[in-house]
Amino acid sequence: MVSAYEYNYIFKVIVVGDMGTGKSALLRCFLEKDFRETAHTIGVEFGAKVVAHAGERIKLQIWDTAGQERFRSVTRSYYRGTAGVLLVYDIARRVTFDRLDQWLADIRKLTHPCTTTLLVGAKRDCDDDGGREVSYEEGATFARDHGLLFIETSAKTGDGVETGFMDLTTAIYDRARVGDLDPSAVESGVQRKGPTAVAAELGLTAPGALGAVNLGYPALSSVDGRGPPAADWRSRCGC
Ligand SMILES: Nc1nc2c(ncn2[C@@H]2O[C@H](COP(=O)(O)OP(=O)(O)OP(=O)(O)O)[C@@H](O)[C@H]2O)c(=O)[nH]1
Ligand SMILES: [Mg+2]
C-alpha cells in the first residue's frame, strides 16, 4: 500500500487571481476530482497531494488564496518561498483577464525570480454555452509575452486540471534539477526529503496522482515566519 505521506520532494505552490475565478474549484477538482458550489475563500486554505514525476514522489503543498481585495494583505504574505504560482482568470469574465497585470506585479515583487507561473484560463466549459469573453489566443499570447506557462481548464468537467498541475510540477522539477531552485534554501519553495529510492522501488515513472490530503483549514497567519530571502538571492538566479 502506497502512503500519501511518502515523498522525496515538497514543492510549495500558491493559487492566486480575482475573486470568483474558480481557484478553489480548481484545487478541489485536482485533490478530490469533485465539483461543487463553495463559499468565497476566507484568507487562505491549504491542500496537499503527492504526485509522481521522473521517478520521484513529489508532494505539492498548495495554498489557495482569497481573491477578495480585503484579504490582500494577508494573502500577500504567502507568496514568499513559493516554487510555483497558478494565476487564475475566468474566460467568461474579461475583467478578471484585464487585471492580470496587477497580479503579475505582485508575483514578480514577492516571489523568487525562478518561481514558475502557470496562467490558468478557468471555466473553459463556459465556451459551450457561448459565455466566453476571452479567447484562447489572447490567453496564450499574454502568457507568451510574460514568460508564463498557459492552460485552459474546467473544474466542472475536469478538463486540463491534472495536466496544468503536472505541467507546473514538471517545470519546477526541471528548475530544481538544473540548480535554479536550490532545495537546501527555504526561499526556493523546494525541499528535498529522504532518498529517491521509494519511487524507483515502486517503478513509478509516469506522471500521475498517488494520494491526496486536503486538510482544508483556514490558515490566516503567516506560513512560517521566515525572514526575507538572502540579499544576494535574486542576483544569483539567472532567470
Ligand atoms: N462553469 C464553471 N463554473 C465554475 C468553474 N469553477 C468554478 N466555478 C464556479 O465559479 C464560482 C466561484 O468559484 P470558486 O472556486 O469559489 O472561486 P474562487 O476563485 O476560489 O473565489 P474566491 O475564493 O472568492 O477568491 C462558483 O460558483 C463555482 O461553482 C468551472 O470550471 N466551470
Ligand atoms: Mg476560493
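The values are calculated or read from the model by the stated rules, or taken from the named source; none is laboratory data. Here the structure is a predicted model, which means the values were calculated and not measured. Neighbour counts are summed over all protein chains in view; Cβ atoms, including those assigned to glycine, are modelled from backbone coordinates with ideal geometry.
Restricting attention to the stretch 46-69, which residues are within 13 Å of the chain's Cα centre (by Cα) and either farther than 17 Å from L168 by Cα or of a type in the set (F, W, Y) (or both)? Lay out the reasoning, then the answer.
We begin by selecting, within the stretch 46-69, every residue within 13 Å of the chain's Cα centre (by Cα); these are 46-49, 59-65.
Hits for the stretch 46-69 are F46, W63, T65.
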Original post:
Failed condition for V85, given (1) outside any helix (DSSP H, G or I); (2) of a type in the set (A, V, I, L, M); (3) more than 18 Å from C29 (Cα to Cα); (4) away from ligand 1 (no atom under 12 Å from the Cβ), with all others met?
Top reply: (3)
Subject >> Meets criteria (loosely packed, with under 15 Cβ neighbours inside 10 Å and either away from ligand 2 (no atom under 16 Å from the Cβ) or among the aromatic types (F, W, Y) (or both)) for D128 >> reply: yes
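Do we have G47 as part of a loop (DSSP other than H, G, I, E, B) and touching a strand residue (DSSP E or B) at 6+ places or on another chain (Cβ under 7 Å) here? Even if it seems obvious, please write down each step before you answer.
Working: part of a loop (DSSP other than H, G, I, E, B): no; touching a strand residue (DSSP E or B) at 6+ places or on another chain (Cβ under 7 Å): yes.
Spelling it out, it is not the case that G47 is part of a loop (DSSP other than H, G, I, E, B) and touching a strand residue (DSSP E or B) at 6+ places or on another chain (Cβ under 7 Å).
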**OP:** Might you let me know whether the stretch 17-25 holds any residue that is crowded, with 16+ Cβ neighbours inside 10 Å and either over 21 Å from T153 (Cβ atoms) or at pLDDT below 95 (or both)?
**Re:** no
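Residues checked against (1) touching a residue at least 12 places away in the same chain (Cβ under 8 Å); (2) crowded, with 22+ Cβ neighbours inside 10 Å; (3) within 13 Å of ligand 2 (Cβ to nearest atom); (4) of a type in the set (G, A, S):
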residue: C29; (1), (2), (3), (4): yes, yes, yes, no
residue: D34; (1), (2), (3), (4): no, no, no, no
residue: G43; (1), (2), (3), (4): yes, no, yes, yes
residue: G47; (1), (2), (3), (4): yes, yes, yes, yes
residue: L60; (1), (2), (3), (4): yes, yes, no, no
residue: A66; (1), (2), (3), (4): yes, yes, yes, yes
residue: R70; (1), (2), (3), (4): no, no, no, no
**OP:** Scan (1) closer than 21 Å to D90 by Cβ; (2) touching a residue at least 60 places away in the same chain (Cβ under 8 Å); (3) over 13 Å from the mean Cα position of the chain (by Cα) for the single condition M19 breaks and write down its number.
**Re:** (2)
Original post:
Given the conditions (1) in contact with a strand residue (DSSP E or B) (Cβ under 9 Å, 6 or more places away or on another chain); (2) within 12 Å of ligand 2 (Cβ to nearest atom), and given that E56 satisfies all but one, which numbered condition is not satisfied?
Top reply: (2)
